[in-house]
Amino acid sequence: MTSNKPADTTNDAIVHDKGNDTKGLARSYDLMPKMMPHLDRHLIFPLLEFMTQQEAFPAEELLQSTYELLKPTNMTDYVASLWKQIHHSETVPEEFAAKRESVLQELKTLKAESAKILELLDDKDVISSLRQDKMANLQFLKDNHGVRAILWVSHIP
């Protein structure tokens, strides 16, 4: 049974002064667990770091949550270090090394594929030739520098 009356701040202050569990009280008002399912992992990671610093939740629980959040990412070295902390071990399973090799190979491939455009973007003459019209820029880069482009069209309402 809940009351619609506002909380009595005097009683709250007395409860806190008696040394009751203020971390538990803070945790009961924490909105982060309610917000996190609706956020991207790039926003959740700093929130988990912040929650770790606040010490309102058990460190082991936050460490495990961080591990689960980042496991599908390409942050293989960091995820391996989290695994070591969770399992109190100095060695990691072979799957981490295999994923690391895969990530490094993909990085190498992407660098090779983007080398030409990055080189052009470093060229001051090319940059000064670009115009505000993006389609004209694509045509200019195609005609003069052999750059192919793949366009993604977003249909966000």
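Below, the figures for the structure above:
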| read-out | value |
| --- | --- |
| Residue within region 5-27 that is charged (D, E, K, R) and modelled with pLDDT of 75 or more present | no |
| Residues (free of Cβ contacts under 8 Å to residues at least 12 places away in the same chain and touching a helix residue (DSSP H, G or I) at 6+ places or on another chain (Cβ under 8 Å)) located in region 53-69 | A59 |
| Some residue of region 116-136 being among the acidic types (D, E), open to solvent by 70 Å² or more (accessible area, probe 1.4 Å) and assigned to a helix (DSSP H, G or I) | yes |
| Members of region 55-76 that are surrounded by fewer than 14 Cβ atoms within 10 Å (Cβ to Cβ) and either in a helix (DSSP H, G or I) or over 12 Å from the mean Cα position of the chain (by Cα) (or both) | E55, P58, A59, E60, E61, E68 |
| Residue in region 23-50 that is least open to solvent (accessible area, probe 1.4 Å), counting only those that are part of a helix (DSSP H, G or I) and touching a residue at least 24 places away in the same chain (Cβ under 8 Å) | I44 |
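Each row is one residue, and each column tells you yes or no for (1) within 25 Å of P33 (Cα to Cα); (2) not acidic (D, E).
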| site | (1), (2) |
| --- | --- |
| L62 | yes, yes |
| T73 | yes, yes |
| T76 | no, yes |
| E95 | no, no |
| K108 | no, yes |
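The values are calculated or read from the model by the stated rules, or taken from the named source; none is laboratory data. From a predicted model like this one, the values you see are computed outputs, not experimental measurements. Heads up, the Cβs are rebuilt from the backbone with ideal geometry, glycines too, and the neighbour counts pull from every protein chain shown. For accessibility, only protein heavy atoms count, side chains too; no ligands or nucleic acids. Shrake-Rupley method; radii C 1.70, N 1.55, O 1.52, S 1.80 Å.
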